[in-house]
Amino acid sequence: MEIFVKLSPFMVKAGIIEVGRDRLKQVAHKLAFLLVTEELSFNSLQELLTSFDCPIYRCLTALDIERYFNFRGTKVLGFRRNELSVQVMKALKGYDVKRGERIPSHPRVAILGASGIGRHHANWWRLEGAQVVAFLGSNAESIAKTTDTLKSMFEFNGRGYTDLQELLATEKPDVVDVCLPPKMHYNAVKTALEAGCHVLCEKPFVYDDDLTADDMLAQARELTQLAEEKKLSLGVCTQYVMAAEEIRRLWLEEHAGEKITSFEGCLISPTRNRPPNAKWTWIDLAPHMLGVAQVLSACGDIDWSNVKTTFEGHLAEATFPCKCRDGCVIDCKITTFHRDEEPKNVRQITLNGELFDIGGHLDENKIFQMDIKTPNGVVERPDMMRLLIRSYMHGCLNVPGKMARQNLEWMLKVIELAEKK
């Protein structure tokens, strides 16, 4: 980022910068890349992704754009192709908005594991225009039960299978959504990719208690490389990254030009009769809040020498400084907890001491909406999982393979440090 800032006056002098949506569309064939600010809305970003084929980089704020380029109130800049643009693109590596391969506008989707969270995934796919054609179950009894559940939620006309290979060969889905237990993720994702399907996988990316951390990270790399070789989209459902993007934007609206220097994330959910196991609390919940830390730091680096952990009973907590790509440091604290006392579900993100409490409600059409309680009132947005699926369908991978591997590495490293205490 420092190199990018140093090059800004040369870009202005060279006259390679274009502004204005209409103008950008006129010269789209001449653009090397687009630069969009952190405040740019989700819908605007999706529109750009579908309208422009050039790379898109997301960083800085509107105030930064004014300071470095003298364009006031601008959130999107276009840069024409020339030798200087090539240097700039190298300086912006790591800030690019990941695009997946083009997915059909009404893809055929198969849900692997639709009795739990998968049934909600199925409904979001359906609401976003996909065709939910099949699901994978464990036995005939579970298939019958899950079929009834899906039919009670929407007009489900698909089929249930107990064999993944048979499902893939018969239904030929465009997208496979993996909502199976973590230990089954690796084989399911690999099988789906090998069959030529795009994949969206629940968190954690992979996990198997019988494997070492190095083995699990190797599996994650293998799956990412396989997707790249086959030119298929592979994303992971740490959907709180969608809430993080929205909350960061809301915070920046009130604190223009300021930096986020502290982040606290708290996730609490019911025990569901699970015995106390802090490690499994962390595995179950931490990927979401680690994803928030990744968003805020632009996938920066944790200072592992200053990590503190508390793993006791159902509680798993970690504090650590995270160095952002721009050199700033965010002091992070992530608390995850399973309990049966009220409130059983807590979803909170605190930035520089300001609390954003995430809840939700059913609208008049009985569709779940996300509510974000901010210091200035409540903001309503679509459910974060729906936003992730919507983004995925438009070719934007909010948690692509590289980011998913980092999320997994952070999750495993915290466990390792907690177990050494």
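The values are calculated or read from the model by the stated rules, or taken from the named source; none is laboratory data. Since the structure is predicted, the reported quantities are computational estimates derived from the model, not experimental observations. Neighbour counts run over all protein chains shown; Cβ positions are idealised from the backbone, glycine included.
The table that follows gives values for the structure above.
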item	result
Pairs where the first residue, in the stretch 139-150, is under 9 Å from residue 115 (Cβ atoms) and in contact (Cβ under 8 Å) with a residue 12 or more places away in the chain and the second is in a helix (DSSP H, G or I) and among the basic types (Lys, Arg), C-beta under 8 Å, 6+ apart	146/119; 149/119
Pair list, Cβ under 8 Å, 6 or more apart: the stretch 210-239 residue in contact (Cβ under 8 Å) with a residue 12 or more places away in the chain, other residue polar (S, T, N, Q) and in a loop (DSSP other than H, G, I, E, B)	227/233; 235/398
Residue match in the stretch 72-94 (condition: closer than 30 Å to residue 197 by Cα and not basic (Lys, Arg))	yes
Selection count where residues are of a type in the set (S, T, N, Q) and at positive phi, scope the stretch 42-81	1
Hits in the stretch 357-387 - residues which are touching a residue at least 12 places away in the same chain (Cβ under 8 Å) and among the hydrophobic types (A, V, I, L, M, F, W, C)	358, 367, 368, 370, 372, 379, 384, 385, 387
Boolean, residue 312 is modelled with pLDDT of 95 or more, more than 24 Å from residue 404 (Cβ to Cβ) and not basic (Lys, Arg)	yes
Tally of residues being modelled with pLDDT under 95 and aromatic (Phe, Trp, Tyr) across the stretch 369-416	1
Test: residue in the stretch 193-209 that is basic (Lys, Arg) and more than 16 Å from residue 284 (Cβ to Cβ)	no
Neighbours by Cβ (under 8 Å, 6+ apart or cross-chain): first from the stretch 162-190, free of Cβ contacts under 8 Å to residues at least 60 places away in the same chain; second in a strand (DSSP E or B) and of a type in the set (Ser, Thr, Tyr)	167/161; 170/161
Residue match in the stretch 46-59 (condition: closer than 30 Å to residue 168 by Cα, out of contact with any Gly (no Cβ under 7 Å at 6 or more places or on another chain) and not β-branched (Val, Ile, Thr))	yes
Tally of residues being acidic (Asp, Glu) and without any contact (Cβ under 8 Å) to a residue 60 or more places away in the chain across the stretch 304-356	4
